[in-house]
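Student: Structure provided below as structure tokens; questions to follow.
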Amino acid sequence: MTDDDRLPRFCREARSQFPALTSGELSGWPLRVTRAHVRRCAECAAELARQEQLSAALVSLRDQPPQPPPGLLEDLLARANRRNVRERAAVPARGAVSGARPGLSVAFLTVGAVASTGIGYGIWRGARALRHR
Amino acid sequence: MVRVTAASVKESNLTVQVDPALVRACQRGEPGALDPLIRATYADVYALSRRMLADPDDAADATQEVFVRVMRSVLGFRGESAFGTWLHRVTVNVCLTMLRKRAKAREAGLVAGRNAFALPDDESMLAAGGPLPDEVAATADLAARSEAALATLPEDSRAVVVLRDIEGLSTKEVAELLGVTETVVKVRLHRAHTRLRALVVGDGDDREALP
């Protein structure tokens, strides 16, 4: 059994709302009930004051990020510049058909499309001529 | 496993501004485009990883993994959100994957912490690698004490605190990220805050909140 379990039910339920209360997420009926309880209960009021201190401390951590270890940047840059990683990353951008440049891929695809359309048209015309004979 | 979708997370506190032209250059595979992108963002990626994983070596590994994923996936970035937001999601997903792997390894008894073969629910085991509560209480500075106290939390609770209280996501967003209900997030947050209040602010009776 935790200390929370030994608290009166109203105190327990009010305290479970403290994180939402201090972050401004609590609204409506739960907000009114929690505030009313804190006004009546000195222990919960003190606990809420501690919660507000904690919330402020946690928010302050946003401005104090852990610093990366020395050498991490160099490792990242070295890894990014490895040939195989760059190639894996860049393959689709280098052109799906040519393997070189997107512009060249577009040119290949256009020529292919025009050629296949022409061949198809020729076959259709030939078949039509045979049928008319 | 829940993956973070573009719609699930609002603009996060990973506020680093990245020039969209730089991102487009990376998408085109231009040589040299990745370097400034990495330089501009790696410290934020490391900081988030460090807090979520509470281990400097794991955080460095996670940062490496994040940028490998960025290099592989940057083509899929369509600019529907800011690049920083997208990077934040990638980082959180990498950290969650590492936490799950770590939990599995711990269940199998493969990870040696302060109590290498403790059960997964054993709280003292979950503090492995982090400072002991007494060490936290002895730290003078409030922010430093908060940082140290964070490392003593169970991993699931720590992820909730980092994402919600430090990164500033809402309860709903944290629930979506972690693949749990909002009620679970609230319960974890309540337990974590009760413990953190005792460690960081002090409550006079040195009680332990977590069962």
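Student: Looking at the range B:34-47, which of its residues are more than 8 Å from chain A (Cβ to nearest Cβ) and crowded, with 21+ Cβ neighbours inside 10 Å?
Tutor: Matches in the range B:34-47: B:Leu37, B:Thr41, B:Val45.
Student: State all residues of the range B:53-62 that are touching a residue at least 24 places away in the same chain (Cβ under 8 Å), of a type outside the set (Gly, Ala, Ser) and in contact with a helix residue (DSSP H, G or I) (Cβ under 8 Å, 6 or more places away or on another chain); if no residue qualifies, say none.
Tutor: B:Leu53, B:Asp58, B:Asp61
Student: While we're on this one: Restricting to the range B:24-33, name every residue that is facing chain A (nearest Cβ under 7 Å) and at positive phi.
Tutor: Once the filter is applied, which keeps residues that are facing chain A (nearest Cβ under 7 Å) and at positive phi, the range B:24-33 yields only B:Gly29.
Student: Checking A:Gly71 against (1) more than 7 Å from every other protein chain (Cβ to nearest Cβ); (2) within 30 Å of B:Val70 (Cβ to Cβ); (3) modelled with pLDDT under 90: exactly one of these is not met. Which one?
Tutor: Unmet condition: (3).
Student: Only one of (1) at the interface with another protein chain (Cβ under 7 Å from one of its Cβ atoms); (2) modelled with pLDDT under 90; (3) within 30 Å of B:Phe67 (Cβ to Cβ) fails for A:Glu25. Which number is that?
Tutor: If we test A:Glu25 against (1) at the interface with another protein chain (Cβ under 7 Å from one of its Cβ atoms); (2) modelled with pLDDT under 90; (3) within 30 Å of B:Phe67 (Cβ to Cβ), just (3) comes out false.
Student: Please tell me if B:Ser124 is part of a helix (DSSP H, G or I), of a type in the set (Gly, Ala, Ser) and either surrounded by 17 or more Cβ atoms within 10 Å (Cβ to Cβ) or modelled with pLDDT under 55 (or both).
Tutor: Answer is yes for this residue.
Student: Just checking, which of B:Leu75, B:Leu53 is facing another protein chain (nearest Cβ under 8 Å) and among the aliphatic types (A, V, I, L, M)?
Tutor: B:Leu75
Student: Continuing with this model, one more query. Part of a helix (DSSP H, G or I), surrounded by fewer than 19 Cβ atoms within 10 Å (Cβ to Cβ) and modelled with pLDDT under 90: is that true of B:Ala144 in this structure?
Tutor: Considered against the rule, which asks whether it is part of a helix (DSSP H, G or I), surrounded by fewer than 19 Cβ atoms within 10 Å (Cβ to Cβ) and modelled with pLDDT under 90, B:Ala144 comes out as yes.
Student: Out of A:Val85, A:Val59, A:Val38, I need the residue that is modelled with pLDDT of 90 or more and in a helix (DSSP H, G or I). Which one?
Tutor: Step by step, each of A:Val85, A:Val59, A:Val38 is checked, and only A:Val38 is modelled with pLDDT of 90 or more and in a helix (DSSP H, G or I).
The values are calculated or read from the model by the stated rules, or taken from the named source; none is laboratory data. Treat the numbers as computed from the prediction; the structure is a model and nothing was measured. Every residue, glycine among them, receives a Cβ derived from its backbone with ideal geometry; neighbour counts consider all protein chains shown.
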